[in-house]
Amino acid sequence: MPQNPFFESWATPFGMPPFDRIATAHFMPAFERSITKHRAEIDALRDTPAPATFANTIEALERAGMDLLQVNLVFRNLASTESNEALRQVERDISPILARHRSAIYLDARILARIETVMNGPEWASLTPEQKRVTERIHKGFVRAGARLSDVERARLTEITARLATLGTQFAQNVLKDESDYVLWLEADADLAGLPDDFRETAAALAATRGRAESHAMSLSRGTVESFLIHSTRADLRETLLNAFLARGENGGDSDNRAVISETIALRHERARLLGYESYAHYKLDDTMAQTPEAVRGLLDRVWEPARAAARRERDRLADIARQDGQNGPIRKADWRHYAEKIRHTDYAIDDAELRPYFPLSRMIEAAFHVAQRLFGLTFAERTDLPLYAPDVRAYEVTDSAGRHVALFLGDYYARPSKRSGAWMSAFRVQQNMDAVVRPIIVNVLNIAKPAGGEEALLSIDEARTLFHEFGHALHGMLSNVTYPALSGTSVSTDFVELPSQLYEHWLLQPQVLRLYAKHIETGQPIPDELIARLKAARGFNQGFATVEYCASAFVDLDMHLAAATASGDPLGFERDELDKIGMPDEIAMRHRSPHFTHVFSGEGYASGYYSYLWSEVLDADAFSAFEETGDIFDSQTAKRLHDFVYAAGNLRDPKDAYLAFRGKLPGVEALLDKRGLA
């Protein structure tokens, strides 16, 4: 085998991974070597006879494992975007090994003792606020990992952590298998009824990739499914596709996730109890803005009833429209988006097919860049000379107003069978300034259906909003300017991390942005002012439905981890009972059902934390008001505070302190209810 690229320094521009030379076979040797090196670095800092200091303990911990981090970032990103069976096998093999390696470090009481010596020693008073913050965050990580437990308890915790890593990997791979295996063939002209021309072309392109160039096909990508549910006039096919989408991870066989969920919930609960918490939810929320399950429940309850009442009103309107189509029965889950689109057209003279030509993908990317330029002085220059991991990926060098390099940004926008569904931001390199200025390499991943023949992808409003959302996360990573990796970029609590992304969505539908970038794909004419006015008027449209489908998933996530004994015995039965308890409307499906709830079960990032989007929305609704109150949505002083205390600040401060530094006050839930039209 040629020289392993992970065993050498990379001479690529900006330190970009040499994707053209990296093969799946390189990863396991790279993991093994970097884990061994990291272990030696940890042993050296732990066993040194020198008294513990910030430099030889905290900074040494931050420097340790850089090679392992580099390997893992490349691997995790490729496993999510360019998966194949060989890569999935490496993922299955390495996940428990990495979990055990991390446990061995964070369960080491001798390292914890050195950290506490720094915190309690004479040096503490002279440390900078950032040095104190990183020390406190690292200390909390060791305590929450279990470093204070007995030897027997630590041994059990290690086993639990390794098993959870295996289960999380299995869960994600099962969902990907169900998504990539499924196809709904549209063979006859009648099967295409109602579908816009550009969507038919996309369906033809998907069929061609499956070896049937004369046919049309639908995948289980969320954007594809939702567009089909809106446009298709075939109620039977809408129901077939939605049922397949909702059944991911619940189809029996090797890819069924029910047993994975049961074991995951039980092990999370056991770990939380070992660490002294009442439940996993109490453990997880202890390190967030919300802090307690009661606070989360209070927010969800405050929003749920207005949302459910709005959804009932929306349902009654849908039933009226459906009767005009000859459907006299109750509205079904597969009907909602279809008839809601008809109401949007009737009430606001807006329909998805009319809007899409104004939102071509390339122009929406430019629009997102433009807002970043206006707010933060950033410039994006496309680079075509870099090795990339897939043909459709685009690379941009990001510079500031003085021409200085800020970051490298990658955009991976199109769906493909090797990519897991959804949309996310990730990093191939994180920002830090410990020994040298290290600027980040950030990637946005979406799953937009790729048109045939090199045509421009036309986005729905929801897809354009998702693009802005993920770019807000990307800016959080790209603008980061802190010293220590532990505080860098998006390394903040889950109920604060969505603030930069959700706030950024607000600029999408601002007239100043739309007039510049929402131009018709064929005529080049900007979107008419009266259509902009209709879009703004429709801001609260269908928000009862959207809030109910989201909150239902958040309720189930929270309560599964509060009532682990019941939930682990029959997770899908628990899901049904929970929906009955909150009065879930029959006509609406959860946004994420448990068997494919990757936010919660493919890792722990949003476990007991799916509420975070709503918590952050309370902040983002108020944060955009800070710009509106100035009369200028690009107000430079407000943008500077946003940059300094949110986008560039990483985890330098407690999230509440960061928001107060930006806004001067904490918001109430009223701004969120008003934004969603639920007040």
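Where a number appears in this text, it was derived from the coordinates with a stated rule and is not lab data. Not measured: the values here are computed from a predicted model. Neighbour counts run over all protein chains shown; Cβ positions are idealised from the backbone, glycine included.
Amide H contacts under 5 Å for HIS520: GLN525, ILE527, restricted to partners 5 or more places along the chain or on a different chain, H placed in the peptide plane at 1.01 Å from N. Name the residue from GLY211, ILE230, LEU246 whose Cα lies farthest towards the positive end of the charge dipole of segment 182-247, charges +1 on Cβ of Lys and Arg and -1 on Cβ of Asp and Glu. Farthest along the dipole direction, towards plus: LEU246. Scaled to the globular estimate 2.2 N^0.38 Å, the Cα spread of segment 524-679, given as radius of gyration, is 1.28. Distance from the alpha carbon centroid of segment 183-198 to that of segment 481-496 works out to 46 angstrom. Name the longest site-free stretch of the chain, where the excluded sites are GluC sites (Glu not before Pro) in a DSSP loop with no more than 16 other beta-carbon atoms within 10 Å. Of all site-free stretches, the longest is 279-454. Under 23 Å between alpha carbons, and skipping anything fewer than 8 positions from LYS640 in its own chain: which lysines qualify? Output for LYS640: LYS656, LYS665. Computed FRET efficiency, Cβ-Cβ of ALA309 and ALA235, R0 25 Å: what is it to the nearest 0.05? The formula returns an efficiency of 0.40 here. Ranking ALA452, SER501, ALA427 by how far each Cα lies toward the positive end of the dipole of the chain (charges on Cβ) leaves ALA427 at the top. For segment 182-247, the extents of the C-alpha atoms along the principal axes are 27, 22, 18 Å, listed from largest to smallest.
What percent does the relative contact order of the chain come to when contacts are Cα pairs within less than 8 Å and at least six residues apart? Reported as a whole number, the value is 16 percent.
Its relative contact order, with pairs defined as Cα atoms under 8 Å and 6+ residues apart, puts segment 182-247 at 35 percent. Can you list which of the trypsin sites (Lys or Arg not before Pro) found in segment 372-441 are DSSP loop residues with at most 10 other C-beta atoms within 10 Å? Filter output for segment 372-441: ARG404. In this rough spin-label picture, where each label sits 7 Å from Cα along the Cβ direction, the ARG210-ILE97 distance is 3.7 nm. How large is ³J(HN,Hα), in whole Hz, for each residue of segment 516-525 in order, when computed from phi with the Karplus curve 6.51 cos²θ - 1.76 cosθ + 1.60 and θ = phi - 60°, using x for Gly and Pro? Here the 3J(HN,Hα) series is 7, 10, 8, 10, 4, 4, 9, 8, x, 6 Hz. Summed over qualifying helices (DSSP H, 4 residues or more, each -39500 (n - 2.57)) and divided by its residue number, the chain shows a 222 nm mean residue ellipticity of -17500 deg cm²/dmol.
When each of MET590, MET364 is scored by the number of other beta-carbon atoms lying within 10 Å, the sequence from fewest to most is MET590, MET364.
Here segment 506-610 is assigned +1 on the Cβ of each Lys and Arg and -1 on the Cβ of each Asp and Glu. Its dipole about the Cα centre then comes out at about 640 debye.
Let me check against my output: what whole-number percent is the relative contact order of segment 559-679, with C-alpha pairs under 8 Å and at least 6 apart? Once divided by the residue count of segment 559-679, the mean separation gives 18 percent.
Modelled label positions at ASP189 and ARG39, each set 7 Å beyond Cα in the direction of Cβ, lie 6.8 nm from each other. The phi-based Karplus calculation (6.51 cos²θ - 1.76 cosθ + 1.60; θ = phi - 60°) puts the 3J(HN,Hα) values of segment 278-286 at 5, 7, 5, 4, 4, 4, 5, 7, 4 Hz, whole numbers, x for Gly and Pro. Considering only TYR610, GLN173, LEU275, and ranking their Cα positions along the charge dipole of the chain that arises from unit charges at the beta-carbon of Lys, Arg, Asp and Glu, the one farthest toward the positive end is LEU275.
Taking amide H atoms as placed 1.01 Å from N in the peptide plane, the amide H of ALA407 lies under 5 Å from those of VAL398, each 5 or more residues away in sequence or on another chain.
Taking amide H as placed 1.01 Å from N in the peptide plane, the amide H of VAL443 sits under 5 Å from that of LEU410, SER426, ALA427, PHE428, each at least 5 places away or on another chain. Each of (i) 82, 59, 58; (ii) 104, 86, 51; (iii) 70, 57, 54 is a candidate for Cα extents along the principal axes in Å; the one calculated from this structure is (i). Computed from backbone phi with θ = phi - 60° and the Karplus coefficients 6.51, -1.76 and 1.60, the 3J(HN,Hα) list for segment 665-679 is 7, 9, x, x, 6, 4, 4, 5, 4, 5, 4, 8, x, 10, 5 Hz; x is used for glycine and proline. Temperature 25 °C, viscosity 0.890 mPa s: under these conditions the Stokes-Einstein estimate for segment 425-483, based on its Kirkwood radius over C-alpha pairs, is 185 µm² per second.
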